[in-house]
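Structure first, commentary second.
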Amino acid sequence: MKSIFGIFLIVQALIHVIGFAKAFQLSEIEQLTQSVSKPIGVLWLVAALLFVLSTTLVFLKKDWWFIIAGISIILSQILIIMFWKDAKFGTIVNIIILLVSISAFGNHQFNKMLKQESSQLIQDIKIENLAIISKKDISHLPKIVQKWMCNSGVVGKTKVVSVRLKQKGAMKTKPQSKWMAFSAKQYFDVKNPAFIWSTKVDFLPIIKMVGRDKFTNGEGEMLIKLASIIPVVDEAKNEKINSSTMIRYMAEMTWFPSAALENYMTWEGIDSTSAKAIFTFKGKAVSGVFKFSEDGEMRSFEAQRYYNSGKDATLETWFVTTKAYKNFEGFKIPSKCSAIWKLKEGDFNWLDFEISDVEYNTINLYKSMSN
């Protein structure tokens, strides 16, 4: 899509060169029937160069390219209005460039917000003098959870207090809708349970959808924007979203299993291969059931979670199943999973994803905030 947009910018630049050529009589220009003075011809050239500069910045991935494009559009449209009879169709290209520029501005602001929020999340995390987890540290847990701790490589390793990771996969918004590819980044504070998750989704061939889920200080937020500018979901600070994000944190704890030892987690054995986890924080509590293989591989997680958003959200069974495992920095974790809503109408498999990168006990952000 970047190449197609680059073509639009180059085409618009070439159109403006015609005005310069007409003014300085560099060639016969039949497209412009009106006379063009040399000062105006210079402005046509300046507009053309600005569009070329915009193109260059786009391909160099400079996220402020829309500023130059905006200046280009303003100058261009003034000239088009002056020569409306001959140049009016250039307005169509300007509108297309303007719409893409507005979306780029929205994406710039979204990434700026992500950087600020992610920086705040990791700024107080301390990674010095971390304890090494021993078998004694896990002895109070149900037997199957102890097996999980051993199987995942927790014993003998440093306690995890922060995590950053990348995901990729596909998701659906409704049972009958099409799968949409997505990529995502996520940061966790394990000591003071919190996360920031951001994603970019291929909503349509030329339209992206961005989203951010946030859990901090015991409260959840969800923000989804179409083309980075049109809010689709903007929900925060209510008990339903708070509960949902707490359950999400608990499910995703399988990527940093030593969190099972934190004071906010309590465990109750159910049988030889399952245990109930209770996450209590800021006076609120949620629970879910983890199921394991006989040797302690995490197989699934199930909890009652709010489906959809807003007042219409209903409590439904949310089920996460593991499809594959992978080792990251010595920890064996679920690397491929599916998330399923078990609705009255039938199972709704809405998310398939893969963990592509995990780093533990780092307090640095990824270089690029975009996914």
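Okay, residues lined up against (1) surrounded by fewer than 17 Cβ atoms within 10 Å (Cβ to Cβ); (2) assigned to a helix (DSSP H, G or I); (3) modelled with pLDDT of 95 or more; (4) in contact with a His (Cβ under 7 Å, 6 or more places away or on another chain):
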site: 250; (1), (2), (3), (4): no, yes, yes, no
site: 270; (1), (2), (3), (4): yes, no, yes, no
site: 288; (1), (2), (3), (4): no, no, yes, no
site: 319; (1), (2), (3), (4): no, no, yes, no
site: 332; (1), (2), (3), (4): no, no, yes, no
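Every residue, every condition in (1) under 21 Å from residue 49 (Cβ atoms); (2) aromatic (Phe, Trp, Tyr); (3) crowded, with 20+ Cβ neighbours inside 10 Å; (4) outside the structural domain of residue 230 (by TED's automatic domain parsing), yes or no:
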| site | (1), (2), (3), (4) |
| --- | --- |
| 61 | yes, no, no, yes |
| 88 | no, no, no, yes |
| 92 | no, no, no, yes |
| 131 | no, no, no, no |
| 134 | no, no, no, no |
| 147 | no, no, yes, no |
Exercise. Considering 323, 282, which residue is touching a strand residue (DSSP E or B) at 6+ places or on another chain (Cβ under 6 Å), in the same structural domain as residue 148 (by TED's automatic domain parsing) and not hydrophobic (A, V, I, L, M, F, W, C)?
Worked result: 323
Seminar exercise, completed: Only one of (1) surrounded by 14 or more Cβ atoms within 10 Å (Cβ to Cβ); (2) hydrophobic (A, V, I, L, M, F, W, C); (3) more than 20 Å from the chain's Cα centre (by Cα); (4) not assigned by TED's automatic domain parsing to the domain that holds residue 229 does not apply to residue 114, and that is (3)
Seminar exercise, completed: Checked region 343-356 for anything of a type outside the set (Phe, Trp, Tyr) and surrounded by 14 or more Cβ atoms within 10 Å (Cβ to Cβ); matches are 349, 351, 352, 354, 355, 356
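Please find, within region 89-103, the residue that is farthest from residue 29 (Cα to Cα) out of those that are assigned to a helix (DSSP H, G or I) and free of Cβ contacts under 8 Å to residues at least 24 places away in the same chain.
Across region 89-103, the extreme among qualifying residues is 99.
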Problem set entry | Exclusive hit being modelled with pLDDT of 95 or more, within 32 Å of the chain's Cα centre (by Cα) and not in a helix (DSSP H, G or I), set 160, 145 | 160
Problem set entry | Any chance residue 339 is in the same structural domain as residue 171 (by TED's automatic domain parsing), under 25 Å from the mean Cα position of the chain (by Cα) and part of a strand (DSSP E or B) | yes
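Only one of 188, 203 is within 22 Å of residue 255 (Cβ to Cβ) and not charged (D, E, K, R). Can you tell me which? Can you show your working first?
Details: 203 fails: within 22 Å of residue 255 (Cβ to Cβ).
Being within 22 Å of residue 255 (Cβ to Cβ) and not charged (D, E, K, R) holds for just one of 188, 203, which is 188.
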Exercise. How about region 30-88: which helices (runs of 4 or more DSSP H) wholly inside it have at least 1 residues that are in contact (Cβ under 8 Å) with a residue 60 or more places away in the chain?
Worked result: 65-82, 84-87
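Please state which one of 340, 333 is among the hydrophobic types (A, V, I, L, M, F, W, C), over 30 Å from residue 63 (Cα atoms) and touching a helix residue (DSSP H, G or I) at 6+ places or on another chain (Cβ under 8 Å).
Checking each option against the conditions leaves just 333.
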Exercise. Out of all the residues in region 5-18, is one or more under 20 Å from residue 84 (Cβ atoms) and either aromatic (Phe, Trp, Tyr) or more than 45 Å from the chain's Cα centre (by Cα) (or both)?
Worked result: no
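The values are calculated or read from the model by the stated rules, or taken from the named source; none is laboratory data. Predicted model, so just to flag it, every value in this text is computed and none were measured. Virtual Cβ from ideal backbone geometry, glycine too; neighbours counted across all protein chains shown.
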